[in-house]
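The values are calculated or read from the model by the stated rules, or taken from the named source; none is laboratory data. Keep in mind that this is a model prediction, so the values were computed, not measured. Neighbour counts are summed over all protein chains in view; Cβ atoms, including those assigned to glycine, are modelled from backbone coordinates with ideal geometry. Please note that ligands, DNA and RNA were not included when accessible areas were found on the heavy atoms of the full protein model with its side chains. Shrake-Rupley method; radii C 1.70, N 1.55, O 1.52, S 1.80 Å.
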Amino acid sequence: MSWTRGLLAALAVGALLGGSAGCGSGDARERGNGVTISPVGKVLDGTDEEGRHYREVGAKSAPQVGIQVRPDPGDDWDVRLTVRNFRFSPDGTRPVAVAGRGLVRLYLDGHPLTRLRAADYHLSARLVPRGTHQVTARLYADDQTVWAVNGKPVESTADITASGSGTTTAGPWEE
């Protein structure tokens, strides 16, 4: 019976001394203006369409993303991302923002399509109806905040055009 009292006392002391350890954002502090300062950039009040907050970083050290979308022989689309100052985090990574690391969310015409932890994706033609569409790649930190520079998300968009008898593409191509 005495070991349970000792355990409960140790837990109580740990809770009193630890405060919110492990439950918050670590070294993050909130200013009076609602902007959270974090060891990696500043978490802003602004959010994306899905309510995820922007994480502001300086332009010099900011991650960058480029996107290429090309038709493949089967009328599907091959999406290739190029990143700079950014590493893809493996599945199961702790939800903590680390400079230049995270995942990419892919959007089709502004609607969420998938989350990527690699630079290549195969987009099925059945998801792209006839007409011109926009495919956007946006960078996110592992804590689901959006990497941002000057209050704007770090992202890249390519236009694609799907037609009934073949496809054409337009966008920032890199050879």
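Look at residue 127 and say whether it is of a type in the set (A, V, I, L, M, F, W, C), touching a Leu at 6+ places or on another chain (Cβ under 8 Å) and open to solvent by 40 Å² or more (accessible area, probe 1.4 Å).
The answer is yes for residue 127.
Inside the range 68-90, can you point out the residues that are part of a strand (DSSP E or B), surrounded by 15 or more Cβ atoms within 10 Å (Cβ to Cβ) and within 14 Å of the chain's Cα centre (by Cα)?
Matches in the range 68-90: 81, 83, 88.
Of all residues in the range 93-112 being over 22 Å from residue 39 (Cβ atoms) and part of a loop (DSSP other than H, G, I, E, B), which is farthest from the chain's Cα centre (by Cα)?
My answer is 109.
Quickly run through the range 113-149 and pick out the residues that are part of a loop (DSSP other than H, G, I, E, B) and within 15 Å of residue 43 (Cβ to Cβ).
141, 142, 143, 144, 145
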